1. Being surrounded by fewer than 15 Cβ atoms within 10 Å (Cβ to Cβ) and of a type in the set (A, V, I, L, M) is the filter here; which residues of the range 87-123 pass it?
2. Among the residues of the range 306-336, which ones are small (Gly, Ala, Ser) and within 20 Å of the chain's Cα centre (by Cα)?
3. Mind counting the residues in the range 64-84 that are within 16 Å of ligand 2 (Cβ to nearest atom) and in a loop (DSSP other than H, G, I, E, B)?
4. Please work out which residue is farthest from ligand 2 (Cβ to nearest atom), limiting yourself to the range 14-30 and to residues that are under 17 Å from LEU272 (Cα atoms) and in a loop (DSSP other than H, G, I, E, B).
5. Among THR59, THR50, which is the only one that is modelled with pLDDT of 95 or more, surrounded by fewer than 21 Cβ atoms within 10 Å (Cβ to Cβ) and away from ligand 2 (no atom under 13 Å from the Cβ)?
6. If a residue has to be of a type in the set (Gly, Ala, Ser) and open to solvent by less than 10 Å² (accessible area, probe 1.4 Å) to count, how many in the range 259-280 make the cut?
7. Among the residues of the range 181-191, are any farther than 20 Å from TYR244 by Cβ, surrounded by fewer than 16 Cβ atoms within 10 Å (Cβ to Cβ), away from ligand 1 (no atom under 15 Å from the Cβ) and at pLDDT 95 or above?
8. Which ones in the range 165-181 are in contact with a strand residue (DSSP E or B) (Cβ under 7 Å, 6 or more places away or on another chain) and over 19 Å from ILE36 (Cα atoms)?
Amino acid sequence: MADIFADNAEAMYDSYGRHLHYLRVSLTDACNLRCIYCMPEDIVFRSQATLLQADEILTLVRVAASLGVDKIRLTGGEPTVRRGVVDLVRGIRTVPGIRRIAMTTNGIRLAELAGPLVAAGLDQVNISIDSLDPTKFRRITRRGDLTDVWRGIEAAETAGLRPLKLNCVVTRGFNDLEVADLARLTLDHPWHVRFIEMMPLGKVADFQQSQVVPSAETRARIEAELGPLTLAPEHDGHDPARPYRLAGALGQLGFISSVTEPFCEGCTRLRLTADGKLRLCLLRDDEVDLLTPLRAGADFAALRRIVAEAAFRKPWGHRLEEHDIAMSREMSQIGG
Ligand code: SAM
Ligand code: SF4
């Protein structure tokens, strides 16, 4: 059998044969919002020194790219609060093999950053927006101003970030009755509005489990108000959101149903936490420390081997049905 961890291997596979070519990189655990489903209100963020520095992130992206990773998504916490985020995008753009750079953001700082980020090489953005009502938006985010998000969405469009994807975590008692209003946005805009089932993780797991709304319920509510949804033909099998359309709509809808309809079989992802751990599955606590060997002077080949060996051990998927909840981190410390 060929040595799958050999220095010249060009693609990473896990023990289930899944091809891992997508790395989500959390730039910081800090955030300018405090969404109820993401973090406890009194969360304390990590000190800057404990986080990966920009050159360390670039080294690890190079290592991943040498193993066949071609897509990077920058996330957080909130990636736009990380100092030097534009330079980081510019740096990642120069890494051979990286074909696509995306970002998931709350959009609050995009009005000023969308243009510079695109100039630096950002290809695509997902913006989180859970409500169209300013009061509900503030209640969910515990501090956000919806106007800032709208300005960010406009700036992203002007900067040419397409397709523009809007993420909405559906939370019972907070925005579950509003999903049709969010879906309606796709009638006049070529946007992808994606409804995410709330996932349980860390200290807020009890709240998350009690307020989760199954995608089937969200879909039914939208259909009751706006008419039947049809499955859109253009489905990328690795995108967790299956695309649907409302009749006559310019945009599309997606439902990310990690809890009720897991899509582990098609998972191509690895995650790098802001403090330098390779997290093998969003909803499992299996992680491999990269920061320590990196700071101890491990060379490129050694890092490559650590990453490839860890990737091979990626667990099949979550174990929520067995009530096995990952407790070591909050969602904001992984990046979704
Ligand atoms: N701050 C950025 C944002 O909000 O878009 C990026 C980080 S955030 C952790 C990434 C995505 O995870 C967002 O779309 C957010 O709504 C989603 N998210 C946060 N907590 C979640 C949870 N418990 N279940 C499902 N999605 C969650
Ligand atoms: Fe911040 Fe994003 Fe978490 Fe909201 S979901 S608290 S914006 S990291």
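1. Scanning the range 87-123 gives a single hit, ALA119.
2. Across the range 306-336, the qualifying residues are ALA311, GLY317, ALA326, SER328, SER332, GLY335, GLY336.
3. Within the range 64-84, residues that are within 16 Å of ligand 2 (Cβ to nearest atom) and in a loop (DSSP other than H, G, I, E, B) number 4.
4. Of everything passing the filter in the range 14-30, ASP14 is farthest from ligand 2 (Cβ to nearest atom).
5. That would be THR59, the only listed residue that is modelled with pLDDT of 95 or more, surrounded by fewer than 21 Cβ atoms within 10 Å (Cβ to Cβ) and away from ligand 2 (no atom under 13 Å from the Cβ).
6. Looking only at that region, the number is 2.
7. Pass one, the range 181-191, residues farther than 20 Å from TYR244 by Cβ: none.
Scanning the range 181-191, I find no residue that is farther than 20 Å from TYR244 by Cβ, surrounded by fewer than 16 Cβ atoms within 10 Å (Cβ to Cβ), away from ligand 1 (no atom under 15 Å from the Cβ) and at pLDDT 95 or above, so the answer is no.
8. Across the range 165-181, the qualifying residue is only LYS165.
The values are calculated or read from the model by the stated rules, or taken from the named source; none is laboratory data. What you see is a predicted model, and the numbers here were worked out from it, not measured in a lab. Heads up, the Cβs are rebuilt from the backbone with ideal geometry, glycines too, and the neighbour counts pull from every protein chain shown. Each accessible area value is taken on the protein alone, full model and side chains, heavy atoms only, with ligands, DNA and RNA left out. Shrake-Rupley method; radii C 1.70, N 1.55, O 1.52, S 1.80 Å.
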